[in-house]
Amino acid sequence: MNAITMDRRSWLKAAGALVVGFEAAPRAALAWTEKPVAGDQVASFLAIDGEGKVTVYIGKVDLGTGVRTGFMQIAAEELDVPLARVTVVEGDTAQTPDQGPTYGSLSIQNGGVALRAAAATARRELVNRAAGRLRVPATALRVEEGVVVGPSGRLTYAELVRSGGLDLKVDTAAPIKPPGERRIVGQSVPRVDIPDKVFGHGGYVHDVRVEGMLHGRPVRPPQMGATAESVDEASVAHIPGIVKVVHKGAFVGVVAESEWSAIRAARDLKVRWSNWQGLPDQTKLWEHVRQTPVAQTQVTQERGDAAGAVAGAVKKLSASYDFAIHTHGSMGPSCAVAEFKDGRLTTWSASQATHNLRKQLAMMLAMPVEQVRCIYLEGAGCYGRNGHEDAAADAALLAKEVRRPVRVQWMRADEHGWDPKGPPHLVDLSAGLDAQGKILGWESTAYIPKGAGGNVDLTAAELANAPRESIISPGNIVHNLALPYAVPAVKTVCQRLETTPFRPSWIRTPGRMQNTYANECFLDECAAEAKVDPIDYRLSLLPPTETRGREVLERVARISNWQKRPSPQRDIAGDWVTGRGVTYCKYELVRTFVAGVAEVRVNRQTGEIKVTRFFCAHDCGQMINPGGVRTQVEGNIIHTLSRTLYEEITFDRGAVTSLDWNSYRVISFPEVPELVIDLIDRPAEAPWGAGEPTAAIVPSAVSNAIFDATGVRMRSVPFTPEKFKAAARGA
């Protein structure tokens with residue numbers, strides 16, 4: 001076939017498939033695509049083949065959260081086809097629209113809503129086409145399992161597509177099904193990916209094999225800023241199957257015929273590294289944060305004269321809250337495969353931002369972006385940008401050197417030591433209260449990096465001194481420092497710092513978790529000073545119009561059997577004591593209402609902290625799959641409890657030292673508490689994100705519960721026994 005002279009629509013008609021509207025053109029004039037990918041085209045999202053099977057093309061990817069099933073439900077519902085006829089292609093830059101990275105709990109809220117509009121547009125067009133052929137009004141027709149049925153006949157989607165294709169733009173105003181007519185959306189459909197995973201049939205990126213594939217391993221510097229002054233290739237010459245040692249600046253890697261040979265070579269290669277001691281003293285991390293130059297001062301909320309209200313108040317409170325540096329901690333190390341063929345690069349990775357990765361790889365390798373294709377395959381689950389993209393860059397650099405496909409799988413020390421980190425986060429707060437304990441003024445200042453979102457630099461590009469982006473996206477880590485409460489005078493400020501010790505990246509609920517933690521703990525301090533029940537205190541501060549916020553607080557009080565009283569509890573005695581704490585969050589002040597109650601047991605002598613039960617009332621609007629929402633809520637609580645109680649990287653002046661699971665502690669199965677979840681479904685409302693907003697409430701709920709049990713405030717995550725005992729001595 002001559003792709004220049006024969007258009008794609010004609011080819012698809014001949015093949016009996018629908019991929020809506022694409023005029024082929026010379027390859028050099030187009031990005032590397034196999035079908036339409038523009039975000040405003042129906043064909044970018046949907047295809048229907050000659051048997052009426054539907055393929056969904058989506059730019060968002062399923063990182064283990066179950067959104068693939070949700071996308072299938074949305075398409076099946078709006079098109080009126082059985083769920084079993086729907087499959088999903090996700091995160092392939094040659095086949096899916098660029099919908100941005102998969103983050104922020106926006107997969108359904110943004111990606112799913114776009115898919116729904118495309119499906120509704122397609123259904124309307126197919127029904128109208130059937131009406132013309134059957135010579136009846138469209139209102140006289142109905143759709144049953146992909147067949148348009150009328151009083152004078154029936155036509156399948158496949159027939160309707162074959163007759164003319166569907167070259168049309170997405171109409172965001174196309175009518176979607178009303179709640180009362182939905183049969184699939186709103187149901188707890190079992191996740192389609194689970195059976196294959198349970199029975200070992202799932203295809204992960206780690207399983208990818210390409211003809212002629214070699215195996216590579218990066219050899220990282222022992223200190224993060226060190227450079228390779230010399231590399232002794234002869235030191236690995238004895239290892240069978242060695243293909244090449246690659247040395248570009250501080251980037252060193254090995255390529256071999258077998259994985260074991262690559263592992264041996266990476267371990268045995270002799271490299272003379274320069275000395276680098278550029279990290280701060282970990283014991284003085286927060287002093288370092290305060291002393292870091294400020295790149296930008298960003299006011300996120302200002303109402304009234306907060307400074308004057310605090311200064312003139314009868315009672316004044318102040319506190320500082322800090323949140324440790326975290327690694328992503330994916331259970332399986334990152335992996336990717338790269339292949340150069342006919343002057344073009346293809347990578348297979350578990351990147352949650354394949355369209356961004358494509359641009360970064362093209363820049364790093366100084367090649368046109370049109371010649372790069374990035375394909376998503378599932379890998380080790382992660383909440384945030386971990387090492388997946390970096391493994392892809394390693395593989396691409398090595399593959400370019402040897403001109404054969406290369407598979408790179410990191411080792412555990414690579415993952416813990418070199419994935420980008422959730423940066424340190426520090427918040428100072430002050431409040432002024434009147435004689436009755438009402439807040440008159442509130443001030444807060446957060447110290448956070450100027451960049452912690454968007455594209456994170458590729459380690460391989462940085463080490464090899466290859467081209468990379470100089471623009472750092474600030475991300476949304478400023479959100480939720482602003483208050484959802486009706487405080488008369490408030491000013492919240494983010495000091496965007498010029499640098500941060502490690503490559504910053506988003507990790508679950510970036511910024512919003514830390515800011516909510518500081519705000520909700522400090523609000524609890526105000527409630528305790530006022531000697532008012534913590535839930536009543538919050539309800540008194542919510543605007544009267546915030547009915548959904550009030551509802552989640554009232555419902556979490558009910559399911560937790562909340563007993564009204566001020567915190568801390570009276571008559572604290574004995575080694576083991578119990579307490580409860582509450583938190584509320586309106587995510588980013590625009591979506592998803594969540595309230596949580598943590599119940600804890602604390603040993604006042606040893607400092608051991610156990611979370612025994614966690615209650616959550618959750619309102620994310622319309623739920624596509626309530627079962628999926630529930631598992632997301634549960635998973636985010638568990639993951640954030642791990643971060644709250646245990647997780648913290650350690651480092652010396654040169655590198656990360658917590659390189660395994662013994663030195664980087666995570667939650668274990670016996671430490672998972674009982675979870676009680678109350679989901680509020682609003683079928684007539686827009687669907688919002690579910691996972692990230694849940695994580696936001698966990699650290700402060702636990703901190704407030706510890707205070708309720710012991711009278712000791714925990715203001716530094718993670719809440720370790722040592723920190724508790726130090727705080728208790730201070731109290």
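A simple charge model with +1 on the Cβ of Lys and Arg, -1 on the Cβ of Asp and Glu and nothing else charged puts the dipole of region 118-272 at about 600 debye relative to its Cα centre.
Taking a straight line from the alpha carbon of LYS169, these aspartates and glutamates sit under 19 Å away, with near neighbours fewer than eight places off in the same chain left out: ASP7, GLU23, GLU34, ASP40, GLU78, ASP98, GLU125.
If only the Cβ of Lys and Arg carry +1 and only the Cβ of Asp and Glu carry -1, the dipole of region 430-563 around its Cα centre is close to 280 debye. Between GLU302 and ALA731, the C-beta separation translates, for a Förster distance of 35 Å, into a calculated FRET efficiency of about 0.60. How would you classify region 302-442 from its alpha-carbon gyration tensor, with a ≥ b ≥ c the square roots of the eigenvalues: rounded for a/c under 1.5, else prolate if a/b is greater than b/c, otherwise oblate? It is prolate, given that a/c is not under 1.5 and a/b is the larger ratio. Using the Cα gyration tensor of region 166-306, with a ≥ b ≥ c the square roots of its eigenvalues, what is the shape: rounded (a/c below 1.5), prolate (a/b larger than b/c) or oblate (neither)? Oblate, because a/c is 1.5 or more while a/b does not exceed b/c. Express in whole angstrom the spacing between the alpha-carbon centres of region 537-599 and region 166-231. A separation of 36 Å, based on Cα centres. For the chain, a simple Cβ point-charge model (Lys and Arg +1, Asp and Glu -1, everything else neutral) yields a dipole of about 540 debye relative to the Cα centre. Comparing VAL456, SER505, CYS521 along the charge dipole axis of region 456-522, the residue lying farthest to the positive side is CYS521, per the Cβ-charge model.
A protection proxy built from the mean count of other Cβ atoms within 10 Å ranks the segments 622-630, 341-349, most packed first, as 622-630, 341-349. A 23 angstrom limit on the alpha carbon distance is what I want to check against. Which of LYS35/LYS60; LYS270/LYS421; LYS35/LYS359 exceed it? Cα-Cα > 23 Å for LYS270/LYS421; rest within.
The alpha-carbon of LYS53 sits under 16 angstrom from the alpha-carbons of these lysines, leaving out residues fewer than 8 places away in its chain: LYS13. Which of rounded, prolate or oblate describes the chain when judged by the alpha-carbon gyration tensor and an a/c cut-off of 1.5? It is oblate, given that a/c is not under 1.5 and a/b is not larger than b/c.
Rounded to whole numbers, the Karplus 3J(HN,Hα) couplings from phi for region 217-234 are 9, x, 10, 7, x, x, 10, 4, x, 6, 10, 7, 7, 7, 10, 9, 5, 5 Hz, using 6.51 cos²θ - 1.76 cosθ + 1.60 with θ = phi - 60°, and x at Gly and Pro. In straight-distance terms, cross-link reach from LYS531 covers every one of the lysines whose alpha-carbon lies under 23 Å from its own, apart from those fewer than eight places away in the same chain; here that gives LYS315, LYS316, LYS438, LYS564.
Note on HIS238 and ARG468: the extension gain reaches 79.2 nm, defined as 0.36 nm multiplied by sequence separation minus the Cα-Cα distance.
None of the figures in this text is laboratory data; all of them are computed from the coordinates on show. Note that the coordinates shown come from a computational prediction; the quantities given were computed from them, not determined experimentally. Counting neighbours? That spans all protein chains shown, and the Cβs are built from the backbone with ideal geometry, glycine included.
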